[in-house]
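Visitor: Shown below is the structure under consideration.
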Amino acid sequence: MSLHRSSAVPLAGMYAALIVYASLYPFSGWMVPGVSIWSFLSLRFPHWWTVFDLVSNLLGYLPLGALIFGALVRSGWSVARAIFFATAAGSFLSFSMELLQNFLPMRVSSNVDLALNIAGTLLGALIGAAVPILGGIQRWQIVRERWFIDRSAGGIALLVLWPVALLFPVPVPFGLGQVWPRIRDALAGWLQDSSLSALLDPWLQAETDVSQLSPASEFIAIALGLLAPCLVAFTISRPGWRRVLLALSAVGVGFGATTLSTTLNFGPQHALAWRTPTSMAALVAGLTMALLLAWAPRRATAGVGLMALAALVAVIAQAPADAYFAESLQAWEQGRFIRFHGVAQWIGLLWPYAVMAWLLARITSKDSG
């Protein structure tokens, strides 16, 4: 049996890292608990619980089980061994997170959460096992060989993460990568009351201008935000009609993810509030640029993608956070979406930089074409 590099490997690693972040956020107030860190194992079923909590704890670990199982099977493991190890890995991760939550005042260790996480991991592994039985892996491999080149796992993983990144509130539709405010706030907190604080204070001050980006800057950010995933897909696909369909698919996926994000943040009645004349024109421009590059060599598309992402993060860095955007962030960070906060937020912040690193590697590789 020939083994292929699977996109499940990087996806499983990234998903596990994001579970750690979501479980331990906000990483502040660490303290020694007044009770045994093992006491949560013998607690009774809580009096106060919601269906959302139960479902989210079950489904939150389901992708992890499926991804670990898929990575192991694609590496040559038997189905039974892969199910066992995937469940054991998810159980160990969940148990570790519940133990560490004892030391965080804003988090509560729970044996119910642990049981649901283990069940979710096992369910994910079983679903993963059903896929090859139903011929899913063989069908996917046929599709992958027809549509993508060899060594495309990293690019596929980045494309899968793109719609997830769009779920977290962004200052401009499709405008991922606004990491500077987070870095600035973190540095200001670390340097508070230090000798460097006064020296760097003007540089670290939060911006008071809450005016929006100019229409031109917003247009550029949205167009480049759509062009970026298209060029990632072009870098791992063969020139021609397949790229045209991939670009059209990016428009549909991006439209759906942005609409869902707006719905989660502002309510169903405002689901299409992001669809303005500027945003629609920018999407047409981004799609047009992508179609013009549909027959370009892969190395050229990687180079253009690197420049497009550099321009995107430069424009987004200038976007201020208006009052509605700040309120939306607060809802994610303090409300019921806290379990998904780390996943969507950090993918959205880091996705452009991860893509730039990957594209740079593709440009310098000998087999990039």
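The values are calculated or read from the model by the stated rules, or taken from the named source; none is laboratory data. Because the structure is a prediction, the values reported are computed rather than measured. Don't worry about glycine lacking a Cβ; one is built from the backbone with ideal geometry, like all the others, and counts go over all protein chains shown.
Visitor: Condition test on Leu272, is it over 22 Å from Ala354 (Cα atoms), at pLDDT below 95 and not in a loop (DSSP other than H, G, I, E, B)?
Guide: no
Visitor: Tell me, which residue of segment 25-39 that is modelled with pLDDT of 80 or more and surrounded by 14 or more Cβ atoms within 10 Å (Cβ to Cβ) is nearest to Val73 (Cα to Cα)?
Guide: Ranking the qualifying residues of segment 25-39, first place goes to Ile37.
Visitor: While we're on this one: Would you confirm, using the coordinates I've provided, whether Pro352 is outside the structural domain of Met106 (by TED's automatic domain parsing), modelled with pLDDT of 90 or more and closer than 26 Å to Phe27 by Cα?
Guide: Yes.
Visitor: Here's a follow-up. For Ala321, indicate whether it is at pLDDT 90 or above, part of a loop (DSSP other than H, G, I, E, B) and surrounded by fewer than 19 Cβ atoms within 10 Å (Cβ to Cβ).
Guide: No.
Visitor: Report yes if some residue within segment 109-120 is at pLDDT 85 or above and at positive phi; otherwise report no.
Guide: Checking segment 109-120: not a single residue is at pLDDT 85 or above and at positive phi.
Visitor: Same structure, new question: Of all residues being touching a residue at least 40 places away in the same chain (Cβ under 8 Å) and in contact with a helix residue (DSSP H, G or I) (Cβ under 6 Å, 6 or more places away or on another chain) in segment 266-282, which is surrounded by the most Cβ atoms within 10 Å (Cβ to Cβ)? Just the residue, please.
Guide: Ala282
Visitor: Please go through segment 212-269 and pick out each residue that is outside any helix (DSSP H, G or I), more than 22 Å from Leu306 (Cβ to Cβ) and among the hydrophobic types (A, V, I, L, M, F, W, C).
Guide: Answer for segment 212-269, where residues must be outside any helix (DSSP H, G or I), more than 22 Å from Leu306 (Cβ to Cβ) and among the hydrophobic types (A, V, I, L, M, F, W, C): just Leu213.
Visitor: Can you tell me which of (1) in a helix (DSSP H, G or I); (2) touching a helix residue (DSSP H, G or I) at 6+ places or on another chain (Cβ under 6 Å) is the one Arg107 doesn't meet?
Guide: (1)
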